[in-house]
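Asks: Before I ask anything, here is the structure I am working with.
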Amino acid sequence: MSIGRSALGFLALAAALAAGGAHGQAKDKAPIDAGPYVPSPQSVVADMLKIADIGPKDFVIDLGSGDGRIVLTAAKVFGASGFGVEIKDNLVKESNEAARLQGVADRVKFITADLFKTDISRATVLTMYLLPNTVNMLKDKLLTELRPGTKILSHDYPLSGWIPERYVQMDLEDKIAISGVTTTLIYLYMVPAKVAPAYTAAMPAAVSREPVRLNLRQQLTRVSGMARVGGRDVSVEDGKLRGERLSFRLGVGGRSYEFSGTVKDNAIVDGTVAGGGTKGSWTAALAK
Ligand SMILES: C[S@@+](CC[C@H](N)C(=O)[O-])C[C@H]1O[C@@H](n2cnc3c(N)ncnc32)[C@H](O)[C@@H]1O
């Protein structure tokens, strides 16, 4: 990943704002410092939606929807529904008119509002192409409002401190006019479930005949901690969350076991464990 070139791109974007925006939007009387309206090239829109593996069951929300192209493409090409939120009323009018002309107005709409004050909890896919500080100011809102497993796609700017599921870098000539460099990045994140600090787990006898206490510490998608197995503390290794799906490794009695399970309603369900010739299931409930 080329941080230096990304930073250059940001400077060029900021310069575009100072000069009146790439599309002359300085005349807009936006009540907040919304930054410039800079459309994602259509090829980036298509790539973002493909990376999210979007389909008719998805509800897409684009934060700062500009001319509506992300939500319109999601509806027209991929059959999804959703909405865009945009502070600049002229762009919202243009987007709703485009939805009508493209025959998708029954599935998508665009609203004039501050994205920070918009309820985003319905999203299964959330997209954004916003300035880096705006992206980072959104982190708490994303974690609080979005359901575990919701996909977040950010064009060019990462959520600092979050580990992406995937990121794609490409060079696009179209970006020179926008950000001064060809570098284009798409980050895909998945909202993690919230893991409780302690569980009591029932595991296959090969791992432990007694209930195992799991003390866990979560940092976004990473999980660390200790398991109390047979009177000994064992490190929880390589703990990761992919939406609701938790996976980790435990070394017990000289054998390494791979665990996975679904974090749901104060429990871990549908657990599978494999290792040392054993395959079995496990569950965990909140520790008392
Ligand atoms: C870089 S453009 C991206 C447009 C579109 N998402 C795309 O990718 O083509 C960012 C848009 O976000 C809007 N925006 C920025 N801050 C906003 C806020 N707080 N509330 C609503 N819209 C905002 C801007 O007005 C601008 O149109």
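Every read-out reported here was derived from the displayed coordinates using simple, explicitly stated rules and does not represent laboratory data. Nothing here was measured: the structure is a model prediction, and the numbers come from that model. Reconstructed Cβ throughout: ideal geometry from the backbone, glycine too, with neighbour counts over all protein chains shown.
Asks: Write down Rg/Rh for the range 62-107, rounded to two decimals, with Rg from the C-alpha atoms and Rh from the Kirkwood relation over Cα pairs.
Replies: Details: Rg = 9.4 Å, Rh = 10.1 Å.
When Rh is taken as the Kirkwood radius, the ratio is 0.92.
Asks: When the Karplus curve 6.51 cos²θ - 1.76 cosθ + 1.60 is applied with θ = phi - 60°, which whole-Hz ³J(HN,Hα) does each residue of the range 116-123 get, with x for Gly and Pro?
Replies: 3J(HN,Hα) across the range 116-123, in whole Hz: 5, 9, 9, 6, 10, 5, 7, 5.
Asks: Using helices alone, I'd like the mean residue ellipticity at 222 nm for the chain: each DSSP H run of four-plus residues gives -39500 (n - 2.57), total over residue count, nearest 500.
Replies: -6500 deg cm²/dmol
Asks: Still on this model: Within the set of other residues whose C-beta is less than 15 Å from the C-beta of LYS151, count the net charge using Lys and Arg as +1 and Asp and Glu as -1.
Replies: After counting each charged neighbour, the total is 0.
Asks: Pairs LYS50/LYS264; LYS57/LYS139; LYS57/LYS93; LYS57/LYS109: which exceed 20 Å Cα-Cα?
Replies: On the way: LYS50/LYS264 28 Å; LYS57/LYS139 25 Å; LYS57/LYS93 26 Å; LYS57/LYS109 16 Å.
Distance filter (> 20 Å) returns LYS50/LYS264; LYS57/LYS139; LYS57/LYS93.
Asks: Classify the range 198-286 as rounded, prolate or oblate from the Cα gyration tensor: take a ≥ b ≥ c as the square roots of its eigenvalues, call it rounded if a/c is under 1.5, otherwise prolate when a/b beats b/c and oblate if not. Mind dumping the intermediate values first?
Replies: On the way: a/c = 1.42, a/b = 1.35, b/c = 1.05.
Rounded is the answer for the range 198-286, as its axis ratio a/c remains below 1.5.
Asks: What value in Å³ per residue do you get for the convex hull of the alpha-carbon atoms in the chain?
Replies: It comes to 141 Å³ per residue, whole-number rounded.
Asks: With a ≥ b ≥ c the root eigenvalues of the C-alpha gyration tensor of the range 42-170, is it rounded (a/c under 1.5), prolate (a/b larger than b/c) or oblate?
Replies: prolate
Asks: Using modelled amide H (1.01 Å from N, peptide plane; none on Pro or chain starts), what sits under 5 Å from the amide H of GLY276, excluding residues fewer than 5 places away?
Replies: Amide H neighbours of GLY276, under 5 Å, 5+ apart: SER256.
Asks: Whose amide H sits under 5 Å from the amide H of THR150, counting only residues 5 or more places off or on another chain, with H placed in the peptide plane?
Replies: Under 5 Å from the amide H of THR150: VAL191.
Asks: Quick one: if you stick a label point 7 Å off each Cα along the C-beta vector at SER121 and SER256, how many nm between them?
Replies: 4.2 nm
Asks: Where the centre of each part is set by its Cα atoms, how far does the range 85-105 sit from the range 113-187, in angstrom?
Replies: Answer, in whole Å: 21.
Asks: For the chain, what are the DSSP H helices with axial Cα length of 15 Å or more and mean Kyte-Doolittle hydropathy of at least 0.5?
Replies: 3-18
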